[in-house]
Each structure stands twice: as C-alpha cells, then as structure tokens.
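Worksheet: one structure, shown below.
The values are calculated or read from the model by the stated rules, or taken from the named source; none is laboratory data. Please read these numbers as outputs of a predicted model, since none were measured by experiment. A quick note on method: Cβ atoms are made from the backbone with ideal geometry, for glycine too, and the neighbour counts reach across all protein chains shown. Quick note on the areas: whole protein, heavy atoms, side chains included, nothing else; ligands and nucleic acids left out. Shrake-Rupley method; radii C 1.70, N 1.55, O 1.52, S 1.80 Å.
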Amino acid sequence: MLTIQGLSYAYSDRFLFKNLSFDLVPGELIQLKGRNGSGKTTLIKVLCGILKNYEGSISLVNNLDSEGRNEIFYLGHKNALKDNLTVLENLKYDYRSDGIELTRLKENLATLGLENYLFSKVSDLSEGQKRKIILSCFMASNKSIYLLDEPLINLDEESKKIVSSEIENKINGGSSIIFTSHEKNILATKDINLDEYAT
Amino acid sequence: MSFLKNFFSREVLIYSKKSSNVISPVIFFLICITFFPLAVSNDPNELSKLAPGLIWICILLAGMLSIQTIFKEDYDDGSLDLFYVRGFSMLEVVLVKIFVNWIFTALPLILLSCSMVFLLYFPVDKLFNLIGSLFLGTLIISFFGALAGALSLGKNSILASAIMLPLSLPVLILGSSASTYSNENITFFILLLSALLFFSVPIISLACVGAIRLHYE
C-alpha cells in the first residue's frame, strides 16, 4: 500500500532520520517511537505530503496523486480547529469530515462525551475535548491510510479505550495506520524507533 | 469549484464571528482621523488640503493591523497543513483569504472615510476620486500586506511591517494624488493604480504561495 525507500530528512544541518525504509501493508499498525525531537511528527508530515524536501522515495499504490491523497486521513499534532466557531461549524468546514453524514459525527461526539457541546465555541473547550472533535471524524471516516500524530494525547482513560478500540476496528477492516506515541501500544504490528536512524 | 465555495463560506463565517478583525481597524481609523484636526489645525482650508493624505495614511495604518496576520492563524492551528495534505490549490486559498480580508477590513474603512470627509472639509466634488482610488489602492495594499504576512509567518510582526511599508509607498503616493488633483487629471492616477493592481494580483498571489511553501521546507 505504501512503500518507503531510503527516506532521509535533514533539518538545520543534521539528518533527523537517514535511509529509512519500510512497507505499510493493509491491516498493519505501525508505531513510530523515539525521543522528543527525533522526527516522528516530521516523518508523518513527509508521508502525507506536507513536507517535500526529503531524499528517497515514497510510493503509494496508484501514486500519491490527487486521487491518492483522498485515501489518506491525517491527524496532526495541531487540531486545525477555529476557536471562534462552534464544534458543529468546525466539523462542517473540516475537509476530514467530507462525505461523512452529520448524524454519524454527532453519534461519535456523543460516544466521546461531547453531545452537550455541539453548539459551544471551540475556545471554551479543553485541549482533550478539542482532540475529541477531530477523533469523531477519524472514527466516522473510511480511508485506506491513517497518519496519526499522537492521537491519544490529552484524552482521558475512557476515551483512550474508545479510540484504541476504533483503531483496532479499522485495522481489522483492512486500513493501515501509522501513528506516533510515547505510550506502548500492544496492537502495533511493527515499531519503528527513529532514534536508530538519527545521525 | 466546490472547494472554492466551501472555503469562501468558511472564511466569511470566521470573519463574521471574529468581530475584533473588523472593529479594531475601524476604531483605529476613527481615533486617528478625529485626532488629526485636534492636533494639527482646525482651519478648514488647511484641513481640506491635508485630507486626502490623512485619509490615505489612516487607512494604510488601520489596514496593516489585520492583513499582516492573514495566514498566521491557519499556520499556527495547522489548517494550512490540511490544505497541503488534500492537495488543494494554495493559489485559490491565498486569493480567497485576501479578498475576504479586504471585504471585512478595507471596505468598512472606505465607507467610513466617505462620512469622515465632512470632518476634514474634503471637497465633495472630489469624493468619487477618493472612493475610486481607495477601492483600487486598498486592494493593492491587501496583496502587499498578504505577501508581508506570508514572508513573516512564525516570526515577529515587526518584520511584516518592515516589508509592507516600502511596498505601500507607491500606492500611497498615487492614491493621495488621485484624490488631490482635479477631475481632469484623475484618469492618469487611476490608470496607474489599475495597472499596479492588474500586475499585483497574479504576481503577488504566486509570491504568497511560494512564501508560505518556504515555511514548510
């Protein structure tokens, strides 16, 4: 599904990671590990096409063209939410919720405990609640590849269980996931420690 | 087309819900324009001569308050990242953002300046010259300001001002001249401003796209 060969990324005269190669096959869950600043977020951004100045090759089935991009769900470290809009307004204009029925999103928001915050301004919510808004899109989406940067950050234990369960469902459904986390995930089929690729 | 429409609606909603984007430049403009007669002179003849320049300087400074941060919020909250992930046209993003910013910040100032002309004893027969030059000039300044904002993303706002001020000087000179000279000579200045706008739209928009991309290298 996704093949990475000899991938290197330099920042400020040093390589964050060098000569990184791996394959992502359907139903695989890869956890990116490494100390702070090891390049986990950078690797996610490179894989989803935000950062371009890398060395090596990234090939997606059918290439990473405009069609291929639609098969990628990206959850960044930042939530890309607008503080002065309500939860529902944010979801309406968020491209990660494209093609998803509003009722489905509302159901997921309720599952994550946000059913009473649909018309609240995002600025009034906690960081964990903001994360849950985007996770409701993640839960309702149906993509081939998920690139998730610290998906469980700021979440309470109950929500972590719900999201972890959804991650498992997506893998069982044939989707592939690459995610960064400092916490050990027992579901991960492969670990990549970026410290080993630093120079 | 659907992205353009959706993005335009989103930007309009954001601006309409963030009243400080509209109110701050208006308040700044009102304070400046009302303080000038009090501080400089209350002689109608003198004020009438100074009026075009005063209005232009006040609009330029008031406009600078918001245009320089036009991409900052999207950059800080990760929205720009999403546009790159989905492969949306950054040129469309830049054009929509500049146009919506102009509607919500420059347009109220232009309308307000029409009422301020009486305070400054500005000749009413030149009012259309002033409005015409402001329409063109503020659009050009919006493009220059957006470029300054794109170049200074993630950096101190002083850098944006330092980039924007020299770029705005020709517009300020042409705009205030267009509002000062007699109706016969106005065509020359309006044509120059139109030409500047005509070249600014494609060149500055592409420069903005490149400048934003630089922050992802």
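Data table
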| quantity | calculated |
| --- | --- |
| Matching residues, the range B:33-79, being small (Gly, Ala, Ser) and surrounded by 16 or more Cβ atoms within 10 Å (Cβ to Cβ) | B:Ala51, B:Gly53, B:Ala62, B:Gly63, B:Ser66, B:Gly78, B:Ser79 |
| Selected residue [touching a helix residue (DSSP H, G or I) at 6+ places or on another chain (Cβ under 8 Å), open to solvent by 10 Å² or more (accessible area, probe 1.4 Å) and small (Gly, Ala, Ser)] from A:Gly6, A:Gly27, A:Gly49, A:Gly76 | A:Gly27 |
| The listed residue being out of contact with any Asp or Glu (no Cβ under 8 Å at 6 or more places or on another chain), open to solvent by 20 Å² or more (accessible area, probe 1.4 Å) and under 17 Å from A:Lys33 (Cα atoms), out of A:Glu89, A:Glu183, A:Glu168, A:Glu158 | A:Glu183 |
| Lone qualifier among A:Thr189, A:Thr199 - being in contact with an Asp or Glu (Cβ under 9 Å, 6 or more places away or on another chain), modelled with pLDDT under 90 and surrounded by fewer than 16 Cβ atoms within 10 Å (Cβ to Cβ) | A:Thr189 |
| Those residues of the range B:1-27 which are facing chain A (nearest Cβ under 9 Å) and charged (D, E, K, R), in sequence order | B:Arg10, B:Lys17, B:Lys18 |
| Residues of the range A:95-122 that turn out to be within 14 Å of another protein chain (Cβ to nearest Cβ), over 18 Å from A:Met139 (Cα atoms) and surrounded by fewer than 18 Cβ atoms within 10 Å (Cβ to Cβ), as a count | 3 |
| Flag if A:Gly113 is modelled with pLDDT of 90 or more and not basic (Lys, Arg) | yes |
| Index of the failed condition, A:Leu125 passing every other in (1) closer than 29 Å to A:Ile4 by Cα; (2) in contact with a Phe, Trp or Tyr (Cβ under 8 Å, 6 or more places away or on another chain); (3) within 14 Å of chain B (Cβ to nearest Cβ); (4) surrounded by 17 or more Cβ atoms within 10 Å (Cβ to Cβ) | (1) |
